[in-house]
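Take a look at the structure set out below.
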Amino acid sequence: MASRFRSEPTSEHAAVETVSDDELGSIPGYRAVIRIAIREYRIAIRGRWAIGLTALFAIFSVTVVGFGTSEVGPSQYAAVVASLVELGVYLVPLAALTVGYDTVVGAREAGSLDMLFTLPVSQAQVIFGKYLGRLAVLGGAMGIGLGVGGVAATLIGGIGGLEQYALFVIVSVATAGVFLGVSVLLSTLAREKTQALGAALVAWLWFVLLHDLVAIGLIAGTELPDAALTVMALTNPADVYRLLVLSQLETTTGGFAAVLAKASLSVPLLVVALIVWLLAPIVVATVGIRHQPP
C-alpha cells in the first residue's frame, strides 16, 4: 500500500490525519518530518491569518518604500532598506511569535498531539515537522508581502537597489524563523495556550525593547570592551538581524545599532550567529518535549 496521509481535516481542532503503523514504519525519518510539515502547512494555510500576514507585510513594505523613495530619491535605496529594518525589527518578531505560540500546546489541548505521538515517529520529528510547516506559511506570507514592496521600489526607482532589498527580505525571513523557533519552544514548555501567549509577549518585549535598553544602560554607566558589545549583539537575534542587513548598506542609523557598529562584528560571524539561533530553540524544544508530563 502506498504510504500517505489518508484524509484531509476540516479544521485544526477536528480530525487528525492518520497514518498506519505499517505505513510510517517503513518511511525514513526525513520523509516523516516532511509529511508532518505538509499536514501542518495544510492546516495552517486554511486559516485567515496567512492572508492577513501577507497583506500586513505588503502594506508595511509599500508604505515605507513609497515614503522613503519620495523623500531621499530613487538612488538612495540604502536609506529605505535601513528604515525597513528598523521598523521590521519590531514587526517580524511579533508576527513570528504570534504565529507559533500555539503550535504544540494548542495541538496538545486539541488532542491531536497525543495522536501523533502514538504513531511510529519520534517526538523530535513531530516538533520539527510542525515547525517547518508553520515556517513555510510564515515565510511564504512574508516573501509575497515584502515582494510587493520590492515591485513598488522597482517601479519608483528602478532596479539599482534590488540586491539590497533582496538581502533584507532573505534575512527577514530567516529572522522570522528564529522567533518562530522561540515561540515553538515556549509552546512546548507551556501548559496552556494563555501561558504560551504570555511567554511569547514577554520574549518580544525582551528581545525587541528591554535587551537594548539594558545594554545602553550598561554602556552609559561603564566602559565596556568590544568583546562585551559583541556578546550583547550575538545574544539578541533582533540585533543580529539589524546588524546583518545594515552592514551591507552605505548608510547607518543611530541608537544601539550605531554603538554596536563599533564592535567590528564580521558578516560571517553574524551569519553563524543567525544559524545558531535558527537551530537552538528547535533543538531545545525537541529535548524539552520528552520531559513534559503526559
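What to note about this one:
- Subset of region 90-115 that is acidic (Asp, Glu) and in a helix (DSSP H, G or I) - its residue that is modelled with the lowest pLDDT: Asp114
- Qualifying residue in region 207-218 (condition: under 16 Å from the mean Cα position of the chain (by Cα) and hydrophobic (A, V, I, L, M, F, W, C)): yes
- Looking across Val151, Val169, one residue alone is assigned to a helix (DSSP H, G or I) and without any contact (Cβ under 8 Å) to a residue 24 or more places away in the chain. It is Val151.
Per-residue answers, yes or no, for (1) within 30 Å of Leu246 (Cβ to Cβ); (2) out of contact with any Asp or Glu (no Cβ under 7 Å at 6 or more places or on another chain):
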{"site": "Val121", "(1), (2)": "no, yes"}
{"site": "Val126", "(1), (2)": "no, yes"}
{"site": "Gly129", "(1), (2)": "no, no"}
{"site": "Arg134", "(1), (2)": "yes, no"}
{"site": "Gly139", "(1), (2)": "yes, yes"}
{"site": "Leu146", "(1), (2)": "yes, yes"}
{"site": "Gly161", "(1), (2)": "yes, yes"}
{"site": "Val178", "(1), (2)": "yes, yes"}
{"site": "Lys193", "(1), (2)": "no, no"}
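- Test: residue in region 258-269 that is β-branched (Val, Ile, Thr), closer than 15 Å to Val182 by Cβ and either in a helix (DSSP H, G or I) or at pLDDT below 90 (or both): no
- Enumeration of residues in region 96-148 that are closer than 15 Å to Val182 by Cβ and under 12 Å from the mean Cα position of the chain (by Cα): Ala96, Leu97, Thr98, Val99, Gly100, Tyr101, Tyr131, Arg134, Leu135, Leu138
- Any hit, region 47-62, residues being β-branched (Val, Ile, Thr), surrounded by fewer than 16 Cβ atoms within 10 Å (Cβ to Cβ) and assigned to a helix (DSSP H, G or I): yes
- In region 206-225, the residues that are in a helix (DSSP H, G or I) and surrounded by fewer than 12 Cβ atoms within 10 Å (Cβ to Cβ): Leu213, Gly217, Ala220, Gly221
- Filter result for Ala152 (more than 12 Å from the chain's Cα centre (by Cα) and either surrounded by fewer than 16 Cβ atoms within 10 Å (Cβ to Cβ) or among the aromatic types (Phe, Trp, Tyr) (or both)): no
- Region 266-280, subset touching a residue at least 12 places away in the same chain (Cβ under 8 Å) and small (Gly, Ala, Ser), residue surrounded by the most Cβ atoms within 10 Å (Cβ to Cβ): Ala273
- Selection status of Val202, in contact (Cβ under 8 Å) with a residue 24 or more places away in the chain and either more than 27 Å from Ala79 (Cα to Cα) or in contact with a helix residue (DSSP H, G or I) (Cβ under 7 Å, 6 or more places away or on another chain) (or both): no
- Residue within region 116-131 that is outside any loop (DSSP other than H, G, I, E, B), free of Cβ contacts under 8 Å to residues at least 24 places away in the same chain and not aromatic (Phe, Trp, Tyr) present: no
The values are calculated or read from the model by the stated rules, or taken from the named source; none is laboratory data. A quick note: this is a predicted structure, and the numbers were derived from the prediction, not measured. Backbone-built Cβ (ideal geometry, glycine too); neighbour counts: all protein chains shown.
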